[in-house]
Amino acid sequence: MHCPFISIIIAVYNAEKYLSRCIKSIQEQDFSDYEVLLIDDGSTDNSRILCEQFAQKDSRFLLFHKKNEGVSATRQFGIDHSNGLYTIHVDPDDWIEPHMLSSLYKEATRSNPDVIITDYFIEFKNKTVYKIQKPLSLSNKAILNNFFNGLHGSCCNKLIKKDIYDKYNIKYPHNTNYCEDLLVCLQIYQHPVKTSYLPQAFYHYDQVCNADSITRKYNIKTIEQHLNYIKNLRIILSKYPQKELVKKGILIALYDEFSHNAIYYPEFNDLADETKEVILQMNVSTIGKYLFYSAIQYNKKFFSFIFRIIYKLHTQLNR
C-alpha cells in the first residue's frame, strides 16, 4: 500500500454551503501525492452526500462517518486514520492556494523538519489580511512562548510529521472544541522537535461564511468550552518549568471573554490574576490591556462597558 506524503484532514459538520469550495481548492493542487480524510462528524444536512460524491470520483478522498463528538475528537480521528508522512488540517469553510502542497513538500524534503509553520490569509467581507507567522526564534522554548504572543495556534497553517503524535503521545483533548489546535501545539513544543518557517501564505481563513462557528458565537456553551480549554491548558503545561505560561494563557482566555462581555460569569472570578506585568505582555492594544486590568481588579461592569464600545467600533472599522 502506497503511503502518501501528506494527509489532509477535514472535519466536516453541516458544511454543505461551503464544502465544495474547500474540496475544489484541494483538487486544484499542483501536487498529487496526498490523501484527503473527509470525516463526517454526524452532519444533519447534505454534507454526507457531498462527501460521498467527492470520494466516489477520486480514490485519494477517504470518507469516514462517525457520531457527532465535536471538532477535537474528529481531528483526532483523522490523525489516527491518516497514512501520510505529514499531516495538515483544512477546515471545510476555508480554502487553500493551488501551490500549497507542492511548496510544503519542497520545504519538507529540503530541511526534513518535524513542523513547518507558514503565514496565512484572513478573509473578511471586504478585504483580505496577510498574517505573518515568523516565530521570534525557531527554538522550542521561544515558539512555546510565542503562541501566547502573536503566533497562531492553528494546525491549518502547519505541516506536522505524523510520527510526532505517536512518539510523544500527543492527543487532541476529547472534551474541548475551542483552541484545541493550540493545545496540540503546546504539547508538541514541549518536546525536541525541529521547526522550519516558510514565509508564504497559502491558507485562507474565512471569517464570513460560517457564522455558527464556536469561535464566532458567544453563549453559555462557549463559556463552558473556554473553561474546558483552561482546564486542559493547566494539565498540558503543568510539568513545564515556565509556570508564567499557564498564567499568560489563562489571562488570554479571560481576555477573550472580556472582549465579548462574558466577564460577568462568576466562573472566571478566580482566574483574575493580580500580576499586571503579564497583562502588559499580551498581544493586544494598550488601551485594551489597561481596561482589562482595571475591569478584573476594580470594576468589572464599568470597564467592561467602556471596553465593549471601543471593541465594537474597532471591529466595525476593520471589517
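The values are calculated or read from the model by the stated rules, or taken from the named source; none is laboratory data. Owing to the predicted nature of the structure, the values given are computational and were not obtained by experimental measurement. Here the Cβ positions follow ideal geometry from the backbone for every residue, glycine too, while neighbour counts run over all protein chains shown.
What residue, of SER82, SER72, SER103, is out of contact with any Leu (no Cβ under 8 Å at 6 or more places or on another chain) and either of a type in the set (S, T, N, Q) or farther than 30 Å from LEU138 by Cα (or both)?
Values: SER82 fails: out of contact with any Leu (no Cβ under 8 Å at 6 or more places or on another chain); SER103 fails: out of contact with any Leu (no Cβ under 8 Å at 6 or more places or on another chain).
Going through SER82, SER72, SER103 in turn, just one is out of contact with any Leu (no Cβ under 8 Å at 6 or more places or on another chain) and either of a type in the set (S, T, N, Q) or farther than 30 Å from LEU138 by Cα (or both): SER72.
Could you list, in sequence order, all residues of the stretch 79-92 that are surrounded by fewer than 21 Cβ atoms within 10 Å (Cβ to Cβ) and touching a residue at least 24 places away in the same chain (Cβ under 8 Å)? Outline the logic, then answer.
Taking the stretch 79-92 and keeping what is surrounded by fewer than 21 Cβ atoms within 10 Å (Cβ to Cβ), we get 80-81, 83-85.
Selection gives HIS81, ASN83, GLY84, LEU85.
State the number of residues belonging to the stretch 80-111 that are among the aliphatic types (A, V, I, L, M) and not in a helix (DSSP H, G or I).
Our first condition is that a residue be among the aliphatic types (A, V, I, L, M); within the stretch 80-111, this holds for 85, 88, 90, 96, 100-101, 104, 108.
Among the residues that remain, those that are also not in a helix (DSSP H, G or I) are: 85, 88, 90, 96.
Result for the stretch 80-111: 4.
Scan the stretch 19-27 and give yes if some residue there is in contact (Cβ under 8 Å) with a residue 40 or more places away in the chain, in a helix (DSSP H, G or I), under 13 Å from ASP91 (Cα atoms) and hydroxyl-bearing (Ser, Thr, Tyr), otherwise no.
yes
Please determine whether any residue of the stretch 4-14 is in a strand (DSSP E or B), crowded, with 20+ Cβ neighbours inside 10 Å, under 19 Å from the mean Cα position of the chain (by Cα) and not aliphatic (A, V, I, L, M).
Within the stretch 4-14 (the criterion being in a strand (DSSP E or B), crowded, with 20+ Cβ neighbours inside 10 Å, under 19 Å from the mean Cα position of the chain (by Cα) and not aliphatic (A, V, I, L, M)), the answer is yes, since at least one residue qualifies.
Just checking, how many residues over the stretch 119-155 are in a strand (DSSP E or B) and either crowded, with 19+ Cβ neighbours inside 10 Å or among the charged types (D, E, K, R) (or both)?
So in the stretch 119-155, the residues in a strand (DSSP E or B) come out as 119-123, 128-131.
Subsequent filtering for residues that are either crowded, with 19+ Cβ neighbours inside 10 Å or among the charged types (D, E, K, R) (or both) retains 119-121, 123, 131.
Residues in the stretch 119-155 being in a strand (DSSP E or B) and either crowded, with 19+ Cβ neighbours inside 10 Å or among the charged types (D, E, K, R) (or both): 5 in total.
For the stretch 47-64, does any single residue satisfy the condition of being basic (Lys, Arg), modelled with pLDDT of 95 or more and not in a loop (DSSP other than H, G, I, E, B)?
No.
Would you tally the residues in the stretch 69-90 being of a type in the set (S, T, N, Q) and under 17 Å from ILE188 (Cα atoms)?
3
Of (1) more than 22 Å from SER103 (Cα to Cα); (2) modelled with pLDDT under 95, CYS3 satisfies all except one. Which?
It fails just one condition, (1).
Assuming THR44 fulfils every condition listed in (1) in contact with a strand residue (DSSP E or B) (Cβ under 9 Å, 6 or more places away or on another chain); (2) over 23 Å from TYR229 (Cα atoms); (3) not in a strand (DSSP E or B) apart from one, which condition is it?
Checking THR44 against (1) in contact with a strand residue (DSSP E or B) (Cβ under 9 Å, 6 or more places away or on another chain); (2) over 23 Å from TYR229 (Cα atoms); (3) not in a strand (DSSP E or B), the one that fails is (1).
What are the pairs, 6+ residues apart or on separate chains, where a residue within the stretch 277-289 that is under 12 Å from ASN149 (Cα atoms) and assigned by TED's automatic domain parsing to the domain that holds GLU244 has its Cβ under 8 Å from a residue that is modelled with pLDDT under 75 and not in a helix (DSSP H, G or I)?
Going by the 8 Å Cβ cut-off, the qualifying pairs are ILE279/ASP273.
Read through the list (1) within 15 Å of the chain's Cα centre (by Cα); (2) modelled with pLDDT under 95, then give the number of the only condition that LYS125 fails.
Looking at each condition in turn, LYS125 falls short on (1).
What number of residues within the stretch 228-239 satisfy the criterion of being at pLDDT 80 or above and over 16 Å from the mean Cα position of the chain (by Cα)?
Total meeting the criteria: 6.
Return the only residue of ILE170, ILE116, ILE160 being modelled with pLDDT of 95 or more, out of contact with any strand residue (DSSP E or B) (no Cβ under 8 Å at 6 or more places or on another chain) and outside any helix (DSSP H, G or I). It would help to see each step written out before you state the result.
Details: ILE116 fails: out of contact with any strand residue (DSSP E or B) (no Cβ under 8 Å at 6 or more places or on another chain); ILE160 fails: out of contact with any strand residue (DSSP E or B) (no Cβ under 8 Å at 6 or more places or on another chain).
After applying the criteria, what remains is ILE170.
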